[in-house]
Amino acid sequence: SEAMRDAIRALQQRRKEDELKLEHLREQIKGELDAIERGEYTEVAAGDLKKFIAGLSPPRAQKRRVR
């Protein structure tokens, strides 16, 4: 029965963390939508989209090939 209580507590904790993450994501989305409504955005041509997206995040470490 102690194992079941631990499992239930862990599940409740995970659900609480997921809800907090969702709330944070909702707040971020609302902020970005508000910025768009204020005209605070950058238009990107379809042909430049991949380059633009690549510039949004730091470059990934390249994997070395082992021989």
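The values are calculated or read from the model by the stated rules, or taken from the named source; none is laboratory data. All of these numbers come straight from a predicted model, not from anything done at the bench. So basically every Cβ, Gly included, is an ideal-geometry build from the backbone, and we count neighbours across all protein chains shown. All accessible areas refer to the heavy atoms of the entire protein, side chains included, with ligands and DNA or RNA removed. Shrake-Rupley method; radii C 1.70, N 1.55, O 1.52, S 1.80 Å.
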### Query
For residue 50 and residue 27, what is the calculated FRET efficiency with R₀ set at 35 Å and r taken between the beta-carbons, to the nearest 0.05?
0.75
### Given 13 as the ceiling on other Cβ atoms within 10 Å, longest exposed-site-free region of the chain for GluC sites (Glu not before Pro) in DSSP loops
1-39
### Query
Can you give the angle from 0 to 90° between the axis of helix 2-37 and the longest principal axis of the chain, with both taken from C-alpha atoms, to the nearest 10?
20
### Task
Could you state how much accessible area residue 49 has, in square angstrom rounded to the nearest 10, with a 1.4 Å probe and all protein chains kept in place?
80
### Query
Suppose R0 equals 30 Å; then what is the FRET efficiency for residue 20 and residue 42 from their Cβ-Cβ distance, rounded to the nearest 0.05?
0.50
### Query
Under the rule of -39500 (n - 2.57) per DSSP H run of 4 or more residues, summed and divided by the residues of the chain, what mean residue ellipticity at 222 nm is obtained, to the nearest 500 deg cm²/dmol?
-21500 deg cm²/dmol
### Task
Compute the accessible area per residue over the chain, keeping the other protein chains in place, probe 1.4 Å, unit Å².
108
## Note on the structure
Env charge @ residue 30, Cβ radius under 12 Å, K,R +1 / D,E -1, value -4
### Query
On alpha-carbon atoms, Rg over Rh for the chain using Kirkwood Rh?
1.26
### Query
Ranked from the most accessible area to the least, with a 1.4 Å probe and all protein chains present, what is the order of 1, 57?
1, 57
